[in-house]
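The values are calculated or read from the model by the stated rules, or taken from the named source; none is laboratory data. Quantities reported herein were computed from a predicted structural model and do not represent experimental measurements. Ideal geometry is used to build each Cβ from the backbone, glycine not excepted, and the neighbour counts take in all protein chains shown.
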Protein chains: 2
Amino acid sequence: MSKSIFYHAGCPVCISAEQDIISLIGVNNVEVVHLGNDRNKIGEAENAGVKSVPALITPNGNVLHLNFGASMADVKG
Amino acid sequence: MSKSIFYHAGCPVCISAEQDIISLIGVNNVEVVHLGNDRNKIGEAENAGVKSVPALITPNGNVLHLNFGASMADVKG
């Protein structure tokens, strides 16, 4: 299975969801991207369909928005 | 690991998320509950913190609301 990508921005909702996702699918199956630190990946996330964080891109390219931490507009500041 | 519970109500967003979740965490690790068919489980879902469907209850009791299909008010009709 190729990896999922978990996009977040460091908010409390994000961190909680990150722990849940890692626990559910395994740390080796998910790449975690912190858009606050890796700001050059914001465009990549938007192209993948991410509207808010935290969000998980599945290996087949679907986007799962998990709870609601912040909109991409907030992430971009 | 104890099972996660995936609550949904048959909406297209729910079915899509169900397939993603089963693919990510494995069909044996998640119990799928269709609240439209199992209406007596609506109270159980609400007590677990489900505000909208689809939603996943993790083994440690956290609620992950995935995308947005329908509010619990809609599910209750």
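Being loosely packed, with under 15 Cβ neighbours inside 10 Å and touching a Phe, Trp or Tyr at 6+ places or on another chain (Cβ under 8 Å) is the filter here; which residues of region B:8-40 pass it?
Across region B:8-40, the qualifying residue is only B:31.
Considering region B:41-62 alone, what residues qualify as being surrounded by 18 or more Cβ atoms within 10 Å (Cβ to Cβ), more than 10 Å from every other protein chain (Cβ to nearest Cβ) and not in a strand (DSSP E or B)?
Correct list: B:42, B:45, B:50.
For residues that are surrounded by 19 or more Cβ atoms within 10 Å (Cβ to Cβ) and over 10 Å from residue A:9 (Cα atoms), tally how many sit in region A:66-77.
2
Taking the condition among the hydrophobic types (A, V, I, L, M, F, W, C), over 19 Å from residue B:68 (Cα atoms) and not in a strand (DSSP E or B), does residue A:22 pass? Steps first, please.
Working: among the hydrophobic types (A, V, I, L, M, F, W, C): yes; over 19 Å from residue B:68 (Cα atoms): yes; not in a strand (DSSP E or B): yes.
Yes; evaluated as a whole, the condition is true for this residue.
If you go through region B:63-74 one residue at a time, how many are touching a residue at least 12 places away in the same chain (Cβ under 8 Å) and at the interface with chain A (Cβ under 7 Å from one of its Cβ atoms)?
3
Quick one: residue A:6 ticks every box in (1) within 10 Å of the chain's Cα centre (by Cα); (2) over 25 Å from residue B:2 (Cα atoms); (3) in a strand (DSSP E or B) bar one, so which box is it?
The one condition residue A:6 does not meet is (2).
Taking region A:27-39, which residues are touching a helix residue (DSSP H, G or I) at 6+ places or on another chain (Cβ under 9 Å) and either within 14 Å of chain B (Cβ to nearest Cβ) or within 10 Å of residue A:69 (Cβ to Cβ) (or both)?
Those that are touching a helix residue (DSSP H, G or I) at 6+ places or on another chain (Cβ under 9 Å) and either within 14 Å of chain B (Cβ to nearest Cβ) or within 10 Å of residue A:69 (Cβ to Cβ) (or both): A:29, A:30.
Within region B:8-15, is there a residue that is closer than 27 Å to residue A:71 by Cα, in contact with a Cys (Cβ under 6 Å, 6 or more places away or on another chain) and at pLDDT below 95?
no
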